[in-house]
1. So, R0 is 25 Å and r is the distance between the beta-carbons of residue 27 and residue 87; what FRET efficiency does that work out to, to 0.05?
2. What distance in nm separates the two pseudo spin-label positions at residue 98 and residue 20, each 7 Å out from Cα along the beta-carbon direction?
3. Ranked by Cβ crowding within 10 angstrom, fewest neighbours first, how are 38, 102 ordered?
4. How much length is gained if the chain between residue 79 and residue 36 is pulled fully straight, taking 0.36 nm per residue apart and subtracting their Cα-Cα distance, in nm to one decimal?
């Protein structure tokens with residue numbers, strides 16, 4: 001799920017833009033950088049809210065990505081999987097919006 005919100009510089013604290021950067025591989029094996037925004041618990045599962053690190057090629061800046069966190073056999077490794085259930089995505093995003101309503105300007 002992708003949702004829009006205003007992540008303009010005036011809404012960030014100094015240095016926030018480079019903190020918590022994760023590099024994940026997309027379905028084609030390409031490395032993609034994301035800023036980790038939050039970890040949300042919902043119905044016994046954990047979900048990460050990520051913001052793609054913007055570049056000049058970005059077509060839709062400000063869209064968040066929500067992925068489900070899954071454990072792997074290694075304690076040092078985590079796996080992120082896409083969430084197909086639109087209702088779960090909406091609930092997780094609503095929780096995220098409530099937590100950060102004072103930090104971001106969300107756009108419907």
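1. The pair residue 27/residue 87 has a calculated efficiency of 0.60.
2. 1.9 nm
3. Values: 38 16, 102 6.
If I rank by nearby Cβ atoms, fewest first, I get 102, 38.
4. Details: separation 43, 0.36 × 43 = 15.48 nm, distance 1.42 nm.
Full extension from residue 79 to residue 36 adds 14.1 nm.
Bear in mind that the values in this text are calculations on the coordinates, not laboratory data. The structure presented is a predicted model; accordingly, all values stated were derived computationally and were not measured. Because the Cβ atoms are built from the backbone with ideal geometry, glycine has one as well, and the counts that use them run over all protein chains shown.
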